[in-house]
Each structure stands twice: as C-alpha cells, then as structure tokens.
Amino acid sequence: MNVVEVQNLSVRFGDYFAVKNISFTVRSGEIFGFLGANGAGKTTTIRVLCGLLVPTEGKTLVCGLDVQKNSFDVKKKVGYMSQKFTLYDDMTVKENLDFAASLRKLDTKNFKEQKEKLLSFIHFRASEKTLVRELPGGVKQQVSLVASLLHDPELVFLDEPTAGVSPAYRQRFWVLIQELAKSGKTVFVTTHYMDEAEHCQRIALLREGALIALNSPLGLKQESFPGRNSVDVTLEEVFIHQVEGR
C-alpha cells in the first residue's frame with residue numbers, strides 16, 4: 001500500500017521552479033530518504049505533502065487523501081518535524097508539549113497517555129520543567145520528535161532531523177526512526193549525512209527541483225557505478241556523482 005503518491009508535481013515561484021514535474025510513491029512502513037543539495041526542492045515538496053503549500057501543477061495523495069482537496073484531514077494524519085523550528089527555546093519541555101497538544105486539540109487523557117509513552121520511547125530522563133534551551137542538542141531533537149508524534153500520525157516527515165547534532169545522538173535518533181518504522185509508521189526523511197541515508201529502504205535524489213534517481217541504496221550504487229563492486233561504493237560517492245554531477 002502506498003501512503004504517498006506524487007504525480008507530476010511542480011511548484012513555481014514567479015519564473016523559478018522549486019520543484020519540476022516529479023512523480024514518486026512511498027510505501028506504508030517505509031523509511032524513505034529524500035536527498036539533494038540545498039535548494040533542490042526537498043522542503044518545498046514536504047510542505048506540499050503536509051498541505052502547507054499549494055502546488056502549481058500535479059496531484060498529491062497522502063494516506064489516501066487528495067492533499068489539495070482535503071488538506072485539513074491530511075494534517076491530522078501526518079507529523080512534521082521542521083529543520084528550523086519545532087520547539088520554543090524559552091519554554092519548558094512541558095509547556096512546549098502542552099502547546100503542541102493544544103494546537104492539535106488533543107483531549108487531556110489521550111495527550112497524557114501519548115506524552116508518557118513517547119517520552120519513555122526516547123528515554124527522556126530530564127525534568128519536564130527544563131527549559132528547552134538548556135537541553136543538549138540531541139535531546140532537544142528527540143523532544144521535537146515527540147511533539148510531532150503526539151497526535152499519533154500515520155506518516156511523519158523529518159526534515160534534517162539530526163542537523164548539528166553529535167554523532168552519538170545522530171545514531172540514537174536513527175534507532176528511534178527504525179523503531180517507528182517497525183511499529184508501522186511511515187518515515188519520510190531528508191538528511192545531508194550519507195551514513196544515515198544507508199538506513200533508508202529507498203532514496204529519491206533531487207537536483208535543481210527535478211527527480212533524477214529513485215532506488216534502494218544498493219540500487220543507486222549499482223546504477224551510478226556499474227563497473228565497480230557495490231560493496232566498495234559509498235552513498236557519498238553516489239551523491240557527488242548524481243547530484244553534483246562530478
């Protein structure tokens with residue numbers, strides 16, 4: 001079953017195409033990587049799929065719903081962890097999660113149960129009264145993940161979720177992503193770390209708004225360097241070859 005279906009999607013701002021006629025699908029329970037250089041159209045595509053941006057052309061289905069016709073219902077089924085903003089630094093963990101729950105209009109009982117379950121899921125050990133700015137970067141990102149999952153979405157978009165985080169916290173975050181997928185959730189993730197992309201079942205590569213490749217990590221290595229042993233090829237080499245054209 002496909003949780004995401006994108007057909008001939010384009011997004012134009014004036015004469016500039018941020019996304020150019022792309023089509024792809026994402027399967028239920030899949031960890032789907034969406035890779036490209038800065039400005040390739042990754043975040044723009046995610047915003048369209050979350051119902052936050054109206055496309056210029058094309059059709060998008062999320063969880064069986066036409067995003068353009070049912071954007072309100074789509075927002076109930078997806079979680080979105082932005083690369084730039086999810087939590088308020090000058091508020092406590094509790095205040096941030098309470099605020100996120102209020103935006104989703106979650107009832108008190110379900111919110112409390114979900115919050116406790118998710119804080120346990122990330123092994124949160126600090127006090128909920130801790131200001132977000134006092135949390136280590138990796139813990140802050142994990143709390144951001146909790147905020148995006150409070151309403152128990154079917155599909156979660158993670159836009160550069162480990163940017164600026166230490167290698168140890170990056171590794172821990174990807175354990176959480178894999179556990180989410182095992183629980184049945186679909187994870188749509190962007191990252192600039194090629195070691196992280198190895199954990200994706202499939203990867204879409206974008207260049208200047210266009211989709212240039214879509215395959216498993218192994219498949220991309222074989223396509224990019226057919227004359228080499230794939231064991232010796234890294235995704236970083238694939239990225240440089242496919243996306244940067246070198």
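Values in this text are rule-based calculations from the coordinates and carry no lab data. What you are looking at is a predicted structure, and each value in this text was computed from that prediction instead of being measured. Using ideal geometry, Cβ is built from the backbone for each residue, glycine included, and neighbour counts are taken over all protein chains shown.
A few remarks follow.
- Counted residue by residue at 0.36 nm each, then reduced by the alpha carbon distance between them, the extension gain from K84 to E5 reaches 25.9 nm.
- Between V93, V54, V67, the residue with the greatest mean-square fluctuation in the GNM of the chain (Cα pairs under 10 Å linked by springs) is V54.
- Gap separating the Cα centres of region 188-216 and region 92-124, nearest whole Å: 31 Å
- Between the helical axis of 167-182 and the longest alpha-carbon principal axis of the chain there is an angle of about 90 degrees.
- Gained length - K129 relative to T108, 0.36 nm times residue gap less alpha-carbon distance: 5.7 nm
- 5 Å binning of all Cα-Cα separations within region 39-172, expressed as whole percents from 0 upward: 2, 10, 19, 21, 19, 14, 9, 5, 1, 0
- When each of H199, H192, H151 is scored by the number of other beta-carbon atoms lying within 10 Å, the sequence from fewest to most is H192, H199, H151.
- Sorting Y80, Y169, Y16 by the number of Cβ atoms found within 10 Å of their own Cβ, with the fewest placed first, yields Y16, Y169, Y80.
- Label assignment, Cα Rg over 2.2 N^0.38 Å derived from the structure, set [x] 0.98; [y] 1.02; [z] 1.23: [y]
- Computed from the Cβ-Cβ distance with R0 of 45 Å, the FRET efficiency linking A210 to E95 stands at 0.60.
- Highest mean packing comes first when the peptides 102-109, 124-131 are listed by Cβ atoms within 10 Å, giving 124-131, 102-109.
- The chain: relative contact order as a whole-number percent, Cα under 8 Å and 6+ apart: 26 percent
- Listed residues G39, G137, G227, most fluctuating in the chain (Gaussian network, C-alpha, under 10 Å): G227
- About its Cα centre, the chain has a charge dipole of approximately 460 debye under the convention of +1 per Lys or Arg Cβ and -1 per Asp or Glu Cβ, with nothing else charged.
- Ranked list, fewest to most other Cβ atoms within 10 Å of each Cβ, for M1, M91, M81, M194: M1, M91, M194, M81
- Most fluctuating residue given options P217, P153, P226, as computed from a GNM of the chain linking Cα atoms under 10 Å: P226
- Structure-based [θ]222 nm, the chain - -39500 (n - 2.57) summed over DSSP H runs of at least 4, per residue, nearest 500: -10500 deg cm²/dmol
- Rg/Rh, computed from the Cα trace of region 10-67 with Rh as the Kirkwood radius, has the value 0.95.
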